[in-house]
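The values are calculated or read from the model by the stated rules, or taken from the named source; none is laboratory data. Worth saying up front: this structure is predicted, and the values here are computed from it rather than measured. With ideal geometry, Cβ positions are generated from the backbone for all residues, glycine too; neighbour counts draw on all protein chains shown. Areas reflect the complete protein model, heavy atoms only, side chains present, ligands, DNA and RNA absent. Shrake-Rupley method; radii C 1.70, N 1.55, O 1.52, S 1.80 Å.
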Amino acid sequence: MTGERAALGVLRRDHLPQITVWFNDPEVRRGLAHRGLPNEDGELRWYELMSEAGAAPRPTAVAFAIHDAADAELVGVCGLEGIDHNFSRAEFGIFVGQRRGTGIGTDATRLVLDWAFTILGLHNVMLESYEFNAGAVRAYERAGFQVIGRRRDAVRALGRRWDAILMDATAEGFESPVLGRLQPD
């Protein structure tokens, strides 16, 4: 699925070495909740769980490789977890390992929302960001998320306490950038 800046593809096992390198880069992981020291074995276990969850007829999680639409270079990972078909909701996560600040993450976020609302039929997608990650919050807003609340002092990172910023997007009012054209008139 290709947008203006990003293309989402199937996350593959051969992506894991690069993902592991990114996860251990302090600049990449500063906005992530993961605090451990990822290695390829751990990433392989995560990949297998996500692959199994995403292959089900009613997936509980889906993971995408993010590629730069201009040259198909792998630049990150994003997806949905905690997909609840009964309540039509899920949680969004993303990390961009390279080419941050170019709009690729914003575009990838829009594409995942398009998948969530158009393909999975979800109504609400939520995410949690951090007070110190203002650039990510702006990118999420450009993609269609709105701030819905804060958890005060809920995160300890970078040597101090920060608020967690809760955001969500709903299918109502979302304009599909790609998949909407598949819907019958």
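Quick look at the numbers
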{"quantity": "Solvent-accessible ranking of His15, His85, His123, largest area first, probe 1.4 Å", "calculated": "His123, His85, His15"}
{"quantity": "Filtered chymotrypsin sites (Phe, Trp or Tyr not before Pro), the range 132-170: DSSP coil and at most 14 other beta carbons within 10 Å", "calculated": "none"}
{"quantity": "Neighbour cut-off at most 14 other Cβ (10 Å), DSSP loop, chymotrypsin sites (Phe, Trp or Tyr not before Pro), the range 80-124", "calculated": "Phe87"}
{"quantity": "For the chain, with +1 on Lys and Arg beta carbons and -1 on Asp and Glu, the positive-most of Gly54, Leu113, Gly180 along the dipole", "calculated": "Leu113"}
{"quantity": "List Met167, Met50, Met1, ordered by accessible area with a 1.4 Å probe, largest first", "calculated": "Met1, Met50, Met167"}
{"quantity": "Estimated dipole of the range 42-115 in Debye, rounded to 20 [Cβ of Lys and Arg +1, of Asp and Glu -1, Cα centre]", "calculated": "160"}
{"quantity": "Where Rh is the Kirkwood radius over Cα pairs, Rg/Rh for the chain", "calculated": "0.94"}
{"quantity": "Karplus 3J(HN,Hα) series, Hz, for the range 19-27 with 6.51 cos²θ - 1.76 cosθ + 1.60 (x for Gly, Pro)", "calculated": "4, 4, 4, 4, 4, 9, 8, x, 5"}
{"quantity": "Vicinal HN-Hα couplings computed from phi for the range 51-67 (Karplus, 6.51 cos²θ - 1.76 cosθ + 1.60; Hz; Gly/Pro x)", "calculated": "5, 5, 5, x, 7, 5, x, 10, x, 9, 7, 9, 10, 10, 7, 9, 10"}
{"quantity": "The range 63-185: relative contact order in percent, alpha carbon pairs under 8 Å with at least 6 residues between", "calculated": "21"}
{"quantity": "With all protein chains modelled, accessible area of Asp25 [1.4 Å, Å²]", "calculated": "60"}
{"quantity": "Carbon plus sulfur fraction of accessible area for the range 1-88, probe 1.4 Å, in percent", "calculated": "52"}
{"quantity": "Convex hull volume per residue for the range 131-176, taking Cα atoms only, in Å³", "calculated": "64"}
{"quantity": "Average accessible surface area per residue within the chain, 1.4 Å rolling probe, Å²", "calculated": "55"}
